[in-house]
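The values are calculated or read from the model by the stated rules, or taken from the named source; none is laboratory data. Quantities reported herein were computed from a predicted structural model and do not represent experimental measurements. Here the Cβ positions follow ideal geometry from the backbone for every residue, glycine too, while neighbour counts run over all protein chains shown.
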Amino acid sequence: MKPEILVLGSVWPAEVLNLLEQHFHCHFHAQLGEQELDACADRLRAVLTTGGIGLPAALLARLPALELVSVHGAGVDAVPLAALAARGVHLTNTPDVLTDDVADLAVLLLLAAVRRLPQLDRYVRAGAWPGKAPLPQARSLKGKVAGIVGFGRIGQAVAARLEAFGLQIRYHQRSAGPRPDRRSDSLLALAQESDMLVLCTPGGAETMRMVDAAVLDALGPEGTLVNIARGSVVDEAALVAALREGRLGAAGLDVFEHEPEVPDALRTLDQVVLTPHVGSFTVEARRAMGRLAVDNLVAHFDGRPLLTPV
Ligand code: 8YV
């Protein structure tokens, strides 16, 4: 008999669904009523979920037979880690296979924000060019300092790309990391030393709103903030205020505090570039993430070691 698993999220590609059906008896949470969930809950031995949905604690409490949570994504901040550990439930994620694509998006947002790509695009589309409407010059990247917040796999991949643009790299994270000579002691110090901050740190309680008004002010009116990490890392109200009042220069944002809702204030600001949480949203990354997420489930039920345990 195939193990019974619960699948959260509603937009799984056909390839993932085919793999799942080969190995598991799948129950799709989005299609289950409360009574249907109750009827199968004590047979559900694993959960497949996305980084954004994670596993709500209330749902975990309804799954007494749970052995494994497989997260399709690198971030596990939406999973109740302590409760899983207390129950001995295994947890896997899909690191590495998305690193390059997420790092590419960080660079894309940084370049677009600093060189004002959306404004330039709007300028041409609006027919402002022939009339020689005033157009402020952008700033160079070369010689500037990029501060990377969270110097893990993605942070280091962003740094490698930005060094090729002639930027100096500094970073902040709790541990020393691979290049201690480049590490700033605090986030505030990093913001003071940097022309731009790129947020690559995990979400969760420890990093909640760590980018606050003081950090944004330290980055300053010529500074640029890029966030490809989690919306929770930034005090969004403070970010809006800093941009509105010209205390921060520009921002490139892929993630938001209450996504998919994006505050009107951010959507109307000219110096902001917005994308809908698409760091890993490429054919290649999503295919590899889907396979890895399913392979972890299969390995567990085959009695083999998990491929990418958290
Ligand atoms: C995805 C992500 O949006 O990896 C992460 O942590 O945020 C993203 O890659 C999501 O997990 C896709 O399921």
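General observations
- With respect to being in contact with a strand residue (DSSP E or B) (Cβ under 6 Å, 6 or more places away or on another chain), part of a loop (DSSP other than H, G, I, E, B) and either within 16 Å of the ligand (Cβ to nearest atom) or not aliphatic (A, V, I, L, M) (or both), residue 278 falls outside the description.
- Counted residues, region 202-235 - those being within 17 Å of residue 247 (Cβ to Cβ), in a helix (DSSP H, G or I) and out of contact with any strand residue (DSSP E or B) (no Cβ under 8 Å at 6 or more places or on another chain): 4
- Yes/no for residue 67 being surrounded by fewer than 17 Cβ atoms within 10 Å (Cβ to Cβ), over 30 Å from residue 136 (Cα atoms) and of a type in the set (D, E, K, R): no
- Residue in region 183-201 that is assigned to a loop (DSSP other than H, G, I, E, B), of a type in the set (Val, Ile, Thr), surrounded by 16 or more Cβ atoms within 10 Å (Cβ to Cβ) and within 22 Å of the chain's Cα centre (by Cα) present: yes
- Evaluated against (1) within 30 Å of residue 44 (Cα to Cα); (2) in a loop (DSSP other than H, G, I, E, B), residue 295 falls short on exactly one condition, (2).
- Only one entry in 245, 261 is within 25 Å of residue 71 (Cβ to Cβ) and in the same structural domain as residue 115 (by TED's automatic domain parsing), namely 261.
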